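Structure first, commentary second.
The values are calculated or read from the model by the stated rules, or taken from the named source; none is laboratory data. Note that the structure is predicted; figures quoted are calculated from it, not measured. Here the Cβ positions follow ideal geometry from the backbone for every residue, glycine too, while neighbour counts run over all protein chains shown. Please note that ligands, DNA and RNA were not included when accessible areas were found on the heavy atoms of the full protein model with its side chains. Shrake-Rupley method; radii C 1.70, N 1.55, O 1.52, S 1.80 Å.
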Amino acid sequence: MDIATIVGIFVAFGLVIASIAKDIMVFVDIPSVLIVFGGTIGAVLICYPLNQVLGVVGVIKKTFLFKLDSPADIIARFMDYANKARREGILSLEPLLKDIQDDFLRKGLQLTVDGMEPQAIQEILETEIAYLEERHQTGADILATFGTYAPALGMIGTVIGLVLMLKTMNDPSSIGPSMAVALITTFYGAVLANLVFNPMAAKLKNRSKEEVLIRGMILEGILCISKGENPRIIEEKLNSYLPPKQRKTQG
């Protein structure tokens, strides 16, 4: 569970709700909800295929639930693999494959154990990383598109409300509801864009960078093992992915 995401949502929405708590029902307007939510979803469906838009639900989960090995764990794991391969041979890693949960790491080690050339392994795994980045970018782009269209639909709702208000200026009783649609749609659009969609898109981009970093470390470690490099050299290469203060050496 990503605590920062949870805390951010509670703080952002909590303060907004607290500021309007006394008159919160004034901010509930069904026509405004239909214009902003329905219009935003429709606009995004025009931009992207249905399966990609539906897949954004799984993307949103990554902003709340995210599990990734730390760089330190990756380095320690590869030190074990490298030392074992150096003492007992590369085939000694094969029994370990069944216990590896990371598909990317397991695939890389399997290719190494199978005796594939390092260059071929690199090409295969770099392709995996490239498509991983592309999938993440698509998810972030869809969320950013939601964030772009929500305020725009809010403005459309405002125009609708103003038109209705101006059309019925001779009836004072209709001015209030029309003005509510005009202003609340802008409020809904701004809240959705700035407290939900745009922050989630930014979080997903950060998640992607973290995962690509880990994948890059795994790729480097696998290539080093496939080339039979010294474990100490492997450690130094993997440490180079980290800031100096985070670098550790195995005792």
### Query
So which aspartates and glutamates can K107 reach, going by Cα to Cα under 17 Å and dropping same-chain residues fewer than 8 places off?
D69, E94, D99, E117, E123, E126, E128, E211, E220
### Query
Residues of the chain: accessible area per residue at 1.4 Å, in Å²?
57 Å²
### Query
Using 0.36 nm per residue, how much length does the chain from K67 to M169 gain when fully extended, once their Cα-Cα distance is taken away?
31.0 nm
### Message
Multiplying the sequence separation of L91 and L54 by 0.36 nm and subtracting their Cα-Cα distance, what value in nm do you get?
### Response
9.0 nm
### Task
Just grab the label-to-label distance for Q101 and Q137, each label 7 Å out from Cα along the Cβ direction, in nm (one decimal).
3.0 nm
### Task
Measure off, as a whole percent, the carbon and sulfur share of the 1.4 Å-probe accessible area of the chain, all protein chains present.
63 percent
### Message
Suppose the chain between M179 and V212 were pulled fully straight at 0.36 nm per residue; how much longer would it get relative to their current alpha carbon spacing?
### Response
7.0 nm
### Message
Let me spell out the model: positive unit charges on the Cβ of Lys and Arg, negative unit charges on the Cβ of Asp and Glu, origin at the Cα centre of region 152-251. What dipole size does that give, in debye rounded to 20?
### Response
380 debye
### Query
How far is it, in nm, from the label point at V11 to the one at E229 when both lie 7 Å from their Cα along the line to the Cβ?
4.0 nm
### Query
Once the whole set of protein chains is in place, how much accessible area is left on C47, using a 1.4 Å probe, in Å² to the nearest 10?
70 Å²
### Message
To the nearest 20 Debye, how big is the dipole of region 89-160 about its Cα centre, given +1 on the beta carbon of each Lys and Arg and -1 on that of each Asp and Glu?
### Response
340 debye
### Task
In whole angstrom, note down how far apart the Cα centers of region 205-236 and region 57-97 are.
10 Å
### Summary
So, relative contact order of the chain in percent, Cα under 8 Å, 6 or more apart, is 30 percent
### Task
Decide, for region 9-83, between rounded, prolate and oblate: order the square roots of the alpha carbon gyration tensor eigenvalues as a ≥ b ≥ c, take rounded if a/c falls under 1.5, and otherwise choose prolate if a/b is larger than b/c, else oblate.
oblate
### Message
So for each of 4-12, 207-215, 138-146 I average, over its residues, the number of other beta carbons within 10 Å; can you give me the resulting order with the highest mean first?
### Response
138-146, 207-215, 4-12
### Query
Taking only C-alpha pairs under 8 Å that are 6+ residues apart, what is the relative contact order of region 111-247 in percent?
32 percent
### Most positive-pole-ward Cα, V53, I234, M179, against dipole of the chain from beta carbon charges
M179
### Query
Helix-derived [θ] at 222 nm for the chain: sum -39500 (n - 2.57) over DSSP H runs of at least 4, divide by residue count, nearest 500?
-24500 deg cm²/dmol
### Message
Please compute, for the alpha-carbon atoms of region 200-251, the extent along each of the three principal axes and give them in descending order in Å.
### Response
42, 26, 13
### Message
Is there a quick way to get the dipole size of the chain? I mean about its Cα centre, with the Cβ of Lys and Arg at +1 and of Asp and Glu at -1; what is the value in debye to the nearest 20?
### Response
500 debye
#### Entry: Sequence of K61, K98 when ordered by accessible area, the most exposed leading, probe 1.4 angstrom
K98, K61
### Query
Among K22/K205; K61/K237; K205/K237; K205/K227; K84/K203; K22/K67, which pairs are too far apart, with a Cα-Cα distance over 31 Å?
K22/K205; K61/K237; K205/K227; K84/K203; K22/K67
